[in-house]
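Worksheet for the structure shown next.
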């Protein structure tokens, strides 16, 4: 599985990608952010999580440096033992939440994706 960001014809990169970039720029390629490390810009721990989401849930705003272009993302951390400025790496997780928790159909709650662990 990839963590695709989009590069636009003006050189900017966004995650997640959009049909148009800043100022209406056209997408020209995707970049797999899972091949990069990121720096923690800020982070927090949520102890009041939605049904099926682990508690406590450590979340961070992260910044990737992709060939000199900053790309920000929000994601779960694998641990709360981090500091602002720490380097982290994306790790694919098959189940980001328990699909059977809550009142919705379990199939609609089956999410895979990335958490970030200290590099």
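Over the chain, Cα pairs under 8 Å with separation of 6+ residues give a relative contact order of 22 percent. Pick out which of 18, 92, 58 has the largest mean-square fluctuation in a Gaussian network model of the chain, springs linking Cα atoms closer than 10 Å. Checking each option, the largest mean-square fluctuation is seen for 18. Compared with the alpha-carbon gap, the fully stretched path from residue 101 to residue 20 is longer by 25.6 nm at 0.36 nm per residue. For the chain, the extents of the C-alpha atoms along the principal axes are 43, 34, 23 Å, listed from largest to smallest. Say a paramagnetic label sat at a point 7 Å from the Cα of residue 112, along Cα to Cβ; which residues of the range 1-31 have their backbone N under 16 Å from it? Within reach of a label on residue 112, which here means backbone N under 16 Å from a point 7 Å along Cα→Cβ, the range 1-31 contributes 1-4. Across the range 74-111, the residues whose backbone nitrogen lies under 18 Å from the label position 7 Å along the beta-carbon direction of residue 2 are 90-93.
Here, each number is a calculation from the coordinates, and none is a lab measurement. Please read all numbers here as calculations on a predicted model, not as lab measurements. Using ideal geometry, Cβ is built from the backbone for each residue, glycine included, and neighbour counts are taken over all protein chains shown.
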